[in-house]
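A quick write-up on the structure given underneath.
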Amino acid sequence: MSPLRAAFVTVPVVLGLLGTAAPAGATGSAAPRPDRPLTCRGQGVDPGALVRHRAETVIDAPLSVIWKLQTDVERWPAWQRPVTSVERLGHGPLRPGAAFRWTTPIPPNPATPATRLDITSTVRQIERRSCVRWTGPATGEGLLIHGVHVWTFTPVGGGVRVSTEETHTGAEVEANVPFATALLREGLEAWLRDLKTAAEARAPHYDTR
């Protein structure tokens with residue numbers, strides 16, 4: 001196993017964190033829907049990407065709570081265990097062009113030492129309490145992934161349907177598309193699960209100002 005392949009194998013959750021089998025009840029529908037891509041202001045994921053996944057869940061919490069948790073990126077480490085740090089590369093609310101850098105660890109393995117994955121995400125489109133789309137690279141020890149990630153938020157009976165779709169490109173993920181897709185699915189499901197848990201726990205008293 002090459003060092004690059006080993007690094008790739010050790011990051012099953014990390015790959016889905018670039019903005020993915022889920023426990024029962026974690027999502028309402030996790031099946032990819034290539035004929036109905038998610039969009040934000042008319043823009044979606046990479047149409048030519050071989051690695052892609054879409055998932056969604058219904059969260060029983062106010063939209064304002066869910067939106068604040070998702071877009072207050074500097075507080076992600078408080079409710080997403082895989083995220084170890086987040087740095088805003090600018091000030092003010094998220095807007096087109098706003099960027100943030102965040103990290104997550106990669107554990108040591110027989111081929112590579114412990115390292116971390118550094119992800120720089122740039123917001124491309126955003127509509128308040130409706131959708132957000134960001135893109136950017138993730139780099140690690142011999143690893144480079146380009147991600148495009150779309151989130152949509154839709155009020156429905158019982159709460160808010162949160163949908164997410166992401167694509168990855170890069171030589172390493174494209175070398176084993178089924179495996180890379182499975183890892184992306186695991187990461188997206190974990191993110192949705194953490195967002196649902198955090199939003200439903202904080203809904204009664206979360207400060208949305």
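Okay, here's what the table says:
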item	result
Failed criterion for E200 (all others in (1) surrounded by fewer than 19 Cβ atoms within 10 Å (Cβ to Cβ); (2) within 24 Å of A99 (Cβ to Cβ) hold)	(2)
Per-region count, segment 158-209, residues within 18 Å of the chain's Cα centre (by Cα), more than 17 Å from G147 (Cα to Cα) and not small (G, A, S)	9
Single unsatisfied condition, L195 versus (1) touching a Ser or Thr at 6+ places or on another chain (Cβ under 9 Å); (2) open to solvent by less than 60 Å² (accessible area, probe 1.4 Å); (3) part of a strand (DSSP E or B); (4) at pLDDT 95 or above	(3)
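The values are calculated or read from the model by the stated rules, or taken from the named source; none is laboratory data. Computed from a predicted model, the values in this text were never measured in an experiment. Glycine also receives a Cβ, built like all others from the backbone with ideal geometry; neighbour counts cover every protein chain displayed. Ligands, DNA and RNA are stripped out before the accessible areas are found, and what is left, the full protein with its side chains, is counted by its heavy atoms. Shrake-Rupley method; radii C 1.70, N 1.55, O 1.52, S 1.80 Å.
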